[in-house]
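> One structure is given below, represented as structure tokens, and several questions about it will come after.
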Amino acid sequence: VPAPVAAPAPPAAAPKPASFPPVITAGQSAKLEVSLLRAPKFDGEITLTLEGYSTGIDDKTREPATFAKNFDFTPVILKAGQSATTLSFKSKSTAEKGTRNAILRAETTVGQAKYIVYSEAFPITIK
């Protein structure tokens, strides 16, 4: 069965407040314009999230730190017929400073099968 979502295009930045790749100050917001190519005849919902950037182990879960360690972000759901959106995220005032890679994750379910596709890694810089 072919995957219902083709690999998402690398995120392109919204003109303001951050350029692509995003370079922001701690506590600042950024936006990424994202488009993806749907498989023919697939019109289901697709959940888009951001992953990566954070380093270290979460003290509570003992798992690798998530994007949420350094950013406030709410996943975006593309509804039927949508293939583009703008993702907004805000770095926390306590965010780790530096340049690290992040990825876009696109997830959907068809019947009983879950499909997950990742973008290429792209840098985010927090000053």
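> Just need a number here: residues in segment 64-102 that are surrounded by 14 or more Cβ atoms within 10 Å (Cβ to Cβ) and either β-branched (Val, Ile, Thr) or in contact with a Cys (Cβ under 8 Å, 6 or more places away or on another chain) (or both).
Residues of segment 64-102 surrounded by 14 or more Cβ atoms within 10 Å (Cβ to Cβ): 65-71, 73, 76, 78, 82-83, 85, 87-92, 95-96, 100, 102.
Pick out the ones that are also either β-branched (Val, Ile, Thr) or in contact with a Cys (Cβ under 8 Å, 6 or more places away or on another chain) (or both) and you get 66, 76, 85.
So the answer is 3.
> Give segment 25-56 a look and list any residue that's in contact with an Asp or Glu (Cβ under 8 Å, 6 or more places away or on another chain) and β-branched (Val, Ile, Thr), or say none.
Ile46, Thr47, Thr49, Thr55
> Right, next: Does Thr61 satisfy the criteria of being under 30 Å from Ala113 (Cβ atoms) and either touching a Gly at 6+ places or on another chain (Cβ under 9 Å) or surrounded by fewer than 13 Cβ atoms within 10 Å (Cβ to Cβ) (or both)?
Values: under 30 Å from Ala113 (Cβ atoms): yes; either touching a Gly at 6+ places or on another chain (Cβ under 9 Å) or surrounded by fewer than 13 Cβ atoms within 10 Å (Cβ to Cβ) (or both): yes.
For Thr61, the condition - under 30 Å from Ala113 (Cβ atoms) and either touching a Gly at 6+ places or on another chain (Cβ under 9 Å) or surrounded by fewer than 13 Cβ atoms within 10 Å (Cβ to Cβ) (or both) - is met.
> Can you tell me which residue is modelled with the lowest pLDDT among those in segment 12-26 that are closer than 16 Å to Phe71 by Cα and surrounded by fewer than 15 Cβ atoms within 10 Å (Cβ to Cβ)?
Pro17
> Restricting attention to segment 27-38, which residues are surrounded by fewer than 16 Cβ atoms within 10 Å (Cβ to Cβ) and within 16 Å of Leu78 (Cβ to Cβ)? So that I can check it myself, show each step before the final result.
Keep residues of segment 27-38 that are surrounded by fewer than 16 Cβ atoms within 10 Å (Cβ to Cβ), which gives 27, 29, 33, 35, 37.
Selection gives Glu33, Ser35, Leu37.
> A further question on this structure: So in segment 110-120, with the set limited to residues that are surrounded by 14 or more Cβ atoms within 10 Å (Cβ to Cβ) and of a type outside the set (Phe, Trp, Tyr), which one is modelled with the lowest pLDDT? Walk me through how you get there before you give the answer.
Keep residues of segment 110-120 that are surrounded by 14 or more Cβ atoms within 10 Å (Cβ to Cβ), which gives 110, 115, 117-119.
Adding the requirement that they be of a type outside the set (Phe, Trp, Tyr) leaves 110, 117, 119.
Details: Val110: 87, Val117: 91, Ser119: 90.
Taking the candidates together, the pick is Val110.
> Which of the strands (runs of 3 or more DSSP E) contained wholly in segment 12-108 include at least 2 residues that are of a type outside the set (S, T, N, Q) and either in contact with a helix residue (DSSP H, G or I) (Cβ under 8 Å, 6 or more places away or on another chain) or without any contact (Cβ under 8 Å) to a residue 24 or more places away in the chain (or both)?
Working: elements: 29-35, 46-52, 71-73, 76-78, 84-91.
Once the strands (runs of 3 or more DSSP E) in segment 12-108 are filtered for at least 2 residues that are of a type outside the set (S, T, N, Q) and either in contact with a helix residue (DSSP H, G or I) (Cβ under 8 Å, 6 or more places away or on another chain) or without any contact (Cβ under 8 Å) to a residue 24 or more places away in the chain (or both), what remains is 46-52, 71-73.
> Before we move on, is Ser119 touching a strand residue (DSSP E or B) at 6+ places or on another chain (Cβ under 7 Å) and either over 24 Å from Thr25 (Cβ atoms) or not polar (S, T, N, Q) (or both)?
yes
The values are calculated or read from the model by the stated rules, or taken from the named source; none is laboratory data. Treat the numbers as computed from the prediction; the structure is a model and nothing was measured. Because the Cβ atoms are built from the backbone with ideal geometry, glycine has one as well, and the counts that use them run over all protein chains shown.
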